[in-house]
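Down below is the structure, laid out as structure tokens.
The values are calculated or read from the model by the stated rules, or taken from the named source; none is laboratory data. Only a predicted model underlies this, so the values are computations on that prediction, with no experimental measurement involved. Every residue, glycine among them, receives a Cβ derived from its backbone with ideal geometry; neighbour counts consider all protein chains shown.
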Amino acid sequence: MRQFNVVVLGAGGVGKSALTVRFIRDVFVETYDPTIEEEYRRTVSVDGQLSSLEVLDTAGAEHFTSLNEVYIKSGRGFVLVFSLTQEASLREVDNLRQQIYRIKGGDTNVPIVVVGTKLDLVNEREVQRNTIQSLASRWDLPFYETSAKRNWHVNDVFEDLLRQMRLRYPTDPIRRTRRRSTGCLVM
């Protein structure tokens, strides 16, 4: 079974932990408790293949953003989270996206999924669909609108990211079938 590590990034209070806990444990965390760093594991079956996901839920608080560089260096896939009820959080996602590309050496083939949370809060929505469609096209990244509370599209996010990581980091058959030396050959 292949293992992949995922880093969940975004501004504080956008719903990173609610999204992550809904995916990992299938429960909704009602209360907001600012995260410093939480690590979760889950085995998932996508397209008939089992994979192990290690999901790192990061701090959104400003005084912890210096850790983002460490997370990005070690991450193989990224969930960039913003709140559909907070337009400013979308700008933070753009900063994070650019930071990922910079740290990964300009590689734009990094597995990334962009997620708008709190889809169920229709009356509080600030980020319009046309804005998201425009950014999805310009950034060439998949966007999902989710609700951890209602469990809308949460699994889709992680399944899409897992498919991207499988394509980006295919298994290396050469590494597995390493030949052993059969001794010395004298000519």
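A few notes on this one:
- Unique match (being out of contact with any Asp or Glu (no Cβ under 6 Å at 6 or more places or on another chain), charged (D, E, K, R), surrounded by 14 or more Cβ atoms within 10 Å (Cβ to Cβ) and under 20 Å from Gln3 (Cβ atoms)) among Glu54, Glu39: Glu54
- Pairing each residue of the stretch 37-62 that is over 22 Å from Lys73 (Cα atoms) with any residue that is of a type outside the set (Lys, Arg) and not in a strand (DSSP E or B), provided the two are 6+ apart or on different chains, yields C-beta distances under 6 Å for Val46/Glu159; Val46/Leu162; Leu50/Met1.
Every residue, every condition in (1) modelled with pLDDT of 95 or more; (2) more than 15 Å from the chain's Cα centre (by Cα); (3) small (Gly, Ala, Ser), yes or no:
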residue: Ala136; (1), (2), (3): no, yes, yes
residue: Lys149; (1), (2), (3): yes, yes, no
residue: His153; (1), (2), (3): yes, no, no
residue: Cys184; (1), (2), (3): no, yes, no
